[in-house]
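The structure appears below as C-alpha coordinates.
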Amino acid sequence: RFISARTIKKYVSQVRAWHRRAFRTELCGDLDYSAINDLLRGVCRLIEQPPPRERWGVRTQDLAKALDLYLSTRNVESSNWAAALTVAFCGLLRGTEFSLEPGETFNPDIPLDEQPHLTRADVTFHVGADGIEYVRLMIRPAKKGPGTPKVPLLLGGGGTLLDPVRALRRLFADDPVPES
(Lines give C-alpha, C1' and ligand atoms only; values in the text may rest on other atoms or scores of the structure.)
Protein backbone atom coordinates (compact mmCIF):
# COMPACT_ATOMS: atom_id res chain seq x y z
CA ARG A 1 0.00 0.00 0.00
CA PHE A 2 1.24 3.45 -0.84
CA ILE A 3 2.15 5.69 2.10
CA SER A 4 3.02 9.32 1.54
CA ALA A 5 6.20 10.84 2.95
CA ARG A 6 4.08 13.22 5.01
CA THR A 7 2.32 10.25 6.66
CA ILE A 8 5.68 8.56 7.36
CA LYS A 9 6.89 11.76 9.03
CA LYS A 10 3.77 11.86 11.24
CA TYR A 11 4.21 8.20 12.24
CA VAL A 12 7.86 8.74 13.17
CA SER A 13 6.93 11.84 15.15
CA GLN A 14 4.21 9.96 17.07
CA VAL A 15 6.57 7.09 17.91
CA ARG A 16 9.24 9.55 19.06
CA ALA A 17 6.73 11.35 21.31
CA TRP A 18 5.44 8.07 22.76
CA HIS A 19 8.98 6.82 23.41
CA ARG A 20 9.94 10.11 25.08
CA ARG A 21 6.85 9.95 27.35
CA ALA A 22 7.18 6.24 28.14
CA PHE A 23 10.94 5.98 28.68
CA ARG A 24 12.05 9.62 29.14
CA THR A 25 14.77 9.15 26.55
CA GLU A 26 15.11 9.95 22.89
CA LEU A 27 14.42 7.22 20.37
CA CYS A 28 17.66 5.88 18.84
CA GLY A 29 19.87 7.71 21.32
CA ASP A 30 21.68 10.70 19.88
CA LEU A 31 20.54 10.16 16.29
CA ASP A 32 20.46 13.43 14.39
CA TYR A 33 16.81 13.78 13.35
CA SER A 34 17.73 15.93 10.36
CA ALA A 35 18.85 12.63 8.80
CA ILE A 36 15.23 11.43 8.94
CA ASN A 37 14.10 14.63 7.22
CA ASP A 38 16.76 14.13 4.53
CA LEU A 39 15.57 10.54 4.06
CA LEU A 40 11.98 11.70 3.63
CA ARG A 41 13.04 14.34 1.09
CA GLY A 42 14.72 11.53 -0.83
CA VAL A 43 11.54 9.45 -0.67
CA CYS A 44 9.66 12.45 -2.16
CA ARG A 45 12.17 12.67 -5.03
CA LEU A 46 12.15 8.95 -5.84
CA ILE A 47 8.49 8.08 -5.29
CA GLU A 48 5.79 10.27 -6.79
CA GLN A 49 3.71 11.77 -3.99
CA PRO A 50 -0.04 12.19 -4.31
CA PRO A 51 -1.46 15.70 -4.35
CA PRO A 52 -2.82 16.87 -1.00
CA ARG A 53 -6.40 15.80 -0.38
CA GLU A 54 -8.91 18.48 -1.18
CA ARG A 55 -10.62 19.75 1.96
CA TRP A 56 -14.17 21.02 1.87
CA GLY A 57 -14.78 23.72 4.41
CA VAL A 58 -18.02 25.53 5.04
CA ARG A 59 -18.54 29.07 6.25
CA THR A 60 -20.90 29.73 9.14
CA GLN A 61 -23.03 32.04 6.98
CA ASP A 62 -23.40 29.39 4.28
CA LEU A 63 -24.44 26.68 6.74
CA ALA A 64 -26.97 29.01 8.38
CA LYS A 65 -28.41 29.93 4.97
CA ALA A 66 -28.67 26.26 3.92
CA LEU A 67 -30.38 25.33 7.20
CA ASP A 68 -32.92 28.12 6.75
CA LEU A 69 -33.49 27.28 3.10
CA TYR A 70 -33.79 23.49 3.30
CA LEU A 71 -34.56 22.62 6.94
CA SER A 72 -36.89 25.41 8.05
CA THR A 73 -40.05 23.28 8.02
CA ARG A 74 -41.35 22.06 11.35
CA ASN A 75 -41.02 18.31 11.00
CA VAL A 76 -39.06 15.66 12.84
CA GLU A 77 -36.52 14.95 10.12
CA SER A 78 -35.70 18.65 9.56
CA SER A 79 -35.35 19.24 13.29
CA ASN A 80 -32.99 16.27 13.68
CA TRP A 81 -30.79 17.34 10.76
CA ALA A 82 -30.70 20.98 11.82
CA ALA A 83 -29.78 20.07 15.41
CA ALA A 84 -27.13 17.57 14.33
CA LEU A 85 -25.47 19.94 11.86
CA THR A 86 -25.60 22.96 14.18
CA VAL A 87 -24.26 21.10 17.22
CA ALA A 88 -21.56 19.30 15.23
CA PHE A 89 -20.41 22.53 13.57
CA CYS A 90 -20.43 24.65 16.76
CA GLY A 91 -18.87 21.89 18.85
CA LEU A 92 -16.23 20.99 16.24
CA LEU A 93 -17.35 17.38 16.54
CA ARG A 94 -16.13 14.50 14.43
CA GLY A 95 -18.83 12.49 12.68
CA THR A 96 -18.45 9.51 15.00
CA GLU A 97 -18.96 11.75 18.06
CA PHE A 98 -22.50 12.76 17.14
CA SER A 99 -23.73 10.07 14.74
CA LEU A 100 -23.41 6.38 13.91
CA GLU A 101 -20.64 4.95 11.77
CA PRO A 102 -21.64 3.44 8.39
CA GLY A 103 -23.17 0.01 8.96
CA GLU A 104 -23.58 0.66 12.70
CA THR A 105 -26.98 0.50 14.41
CA PHE A 106 -28.15 2.05 17.64
CA ASN A 107 -28.80 -0.47 20.40
CA PRO A 108 -31.32 0.88 22.95
CA ASP A 109 -30.78 -2.15 25.21
CA ILE A 110 -27.36 -0.84 26.31
CA PRO A 111 -27.69 1.03 29.63
CA LEU A 112 -27.44 4.81 29.22
CA ASP A 113 -24.29 5.14 31.34
CA GLU A 114 -22.53 2.58 29.09
CA GLN A 115 -24.06 3.76 25.79
CA PRO A 116 -21.23 4.56 23.33
CA HIS A 117 -23.49 6.82 21.25
CA LEU A 118 -24.87 10.26 21.94
CA THR A 119 -28.41 10.03 23.34
CA ARG A 120 -30.99 12.49 24.64
CA ALA A 121 -29.88 11.56 28.15
CA ASP A 122 -26.48 13.12 27.33
CA VAL A 123 -28.08 16.53 26.73
CA THR A 124 -28.82 18.96 29.57
CA PHE A 125 -29.72 22.65 29.47
CA HIS A 126 -28.41 25.22 31.96
CA VAL A 127 -28.72 28.96 32.42
CA GLY A 128 -25.40 30.51 33.38
CA ALA A 129 -24.77 33.33 35.84
CA ASP A 130 -24.49 35.61 32.80
CA GLY A 131 -28.12 34.81 31.85
CA ILE A 132 -27.12 32.89 28.72
CA GLU A 133 -28.60 29.45 28.20
CA TYR A 134 -26.05 26.67 27.65
CA VAL A 135 -26.35 23.07 26.58
CA ARG A 136 -24.04 20.41 27.98
CA LEU A 137 -23.41 17.32 25.88
CA MET A 138 -21.66 14.30 27.32
CA ILE A 139 -19.66 12.93 24.38
CA ARG A 140 -17.07 10.22 23.85
CA PRO A 141 -14.03 11.71 22.11
CA ALA A 142 -13.43 9.80 18.87
CA LYS A 143 -9.64 9.89 19.02
CA LYS A 144 -9.44 8.36 22.50
CA GLY A 145 -10.73 4.92 21.47
CA PRO A 146 -13.53 2.66 22.71
CA GLY A 147 -14.24 2.46 26.42
CA THR A 148 -13.23 6.08 26.97
CA PRO A 149 -15.41 7.85 29.52
CA LYS A 150 -17.69 10.59 28.27
CA VAL A 151 -16.54 14.19 28.64
CA PRO A 152 -18.68 17.33 28.82
CA LEU A 153 -18.94 19.70 25.87
CA LEU A 154 -20.50 23.07 26.73
CA LEU A 155 -22.14 25.12 23.95
CA GLY A 156 -23.63 28.57 24.45
CA GLY A 157 -26.88 29.82 23.02
CA GLY A 158 -27.84 33.13 21.48
CA GLY A 159 -25.77 32.93 18.30
CA THR A 160 -26.80 35.25 15.48
CA LEU A 161 -26.21 32.70 12.70
CA LEU A 162 -26.13 29.32 14.44
CA ASP A 163 -27.57 28.57 17.86
CA PRO A 164 -27.09 24.99 19.09
CA VAL A 165 -29.30 25.56 22.15
CA ARG A 166 -32.20 26.80 20.01
CA ALA A 167 -31.71 23.92 17.53
CA LEU A 168 -31.80 21.31 20.31
CA ARG A 169 -34.81 22.95 21.99
CA ARG A 170 -36.62 22.80 18.63
CA LEU A 171 -35.65 19.15 18.21
CA PHE A 172 -36.89 18.25 21.68
CA ALA A 173 -40.22 20.04 20.97
CA ASP A 174 -40.73 18.51 17.51
CA ASP A 175 -39.52 15.00 18.37
CA PRO A 176 -40.16 14.17 22.03
CA VAL A 177 -38.53 10.96 23.24
CA PRO A 178 -39.53 9.19 26.46
CA GLU A 179 -36.96 9.33 29.26
CA SER A 180 -36.69 5.53 29.19
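The values are calculated or read from the model by the stated rules, or taken from the named source; none is laboratory data. All values derive from a computational prediction rather than experimental measurement. With ideal geometry, Cβ positions are generated from the backbone for all residues, glycine too; neighbour counts draw on all protein chains shown. Ligands, DNA and RNA are stripped out before the accessible areas are found, and what is left, the full protein with its side chains, is counted by its heavy atoms. Shrake-Rupley method; radii C 1.70, N 1.55, O 1.52, S 1.80 Å.
Packing, as the average of other Cβ atoms within 10 Å across residues, places the peptides 7-16, 85-94 in the order 85-94, 7-16, highest first. Rolling a 1.4 Å probe across all protein chains gives Ser72 an accessible area of roughly 70 Å². A 1.4 Å probe run over region 90-180, with the rest of the protein chains in place, finds 64 Å² accessible per residue. If r is the Cβ-Cβ distance from Asp109 to Ala173 and R0 is 25 Å, what FRET efficiency results, to the nearest 0.05? Efficiency computed from Cβ-Cβ geometry: 0.40. To the nearest 10 degrees, how steep is helix 5-23 against the longest Cα principal axis of the chain, on a 0 to 90 scale? Between helix and principal axis, roughly 90 degrees.
Sequentially through region 83-95, phi angles give Karplus couplings (6.51, -1.76, 1.60; θ = phi - 60°) of 5, 4, 5, 5, 5, 4, 5, 5, x, 6, 7, 7, x Hz, Gly and Pro residues having no value and appearing as x. Heavy-atom accessible area with a 1.4 Å probe sorts Glu114, Glu101, largest first, into Glu114, Glu101.
Here the accessible area is traced with a 1.4 Å probe on the protein chains. For the chain, carbon and sulfur cover 57 percent of it.
Taking label points 7 Å from Cα along the Cα-to-Cβ direction, Asp32 and Asn80 give a separation of 6.1 nm. For Trp18, the solvent-accessible surface with a 1.4 Å probe is about 130 Å², rounded to the nearest 10.
Which shape class, rounded, prolate or oblate, goes with region 69-138 when its Cα gyration tensor gives a ≥ b ≥ c as root eigenvalues, a/c under 1.5 marks rounded, and past that a/b bigger than b/c marks prolate? The shape class here is oblate. Any idea what diffusion coefficient region 47-180 gets from Stokes-Einstein, in µm²/s, Kirkwood Rh on alpha carbon pairs, 25 °C, 0.890 mPa s? Result for D is 149 µm²/s. The reciprocal of the average 1/r between distinct C-alpha atoms defines the Kirkwood hydrodynamic radius, which for region 12-113 equals 19.2 Å. Cα convex hull of region 59-107: mean projected area in nm², to one decimal? Taking the Cα atoms of region 59-107, their convex hull projects to 4.1 nm² on average.
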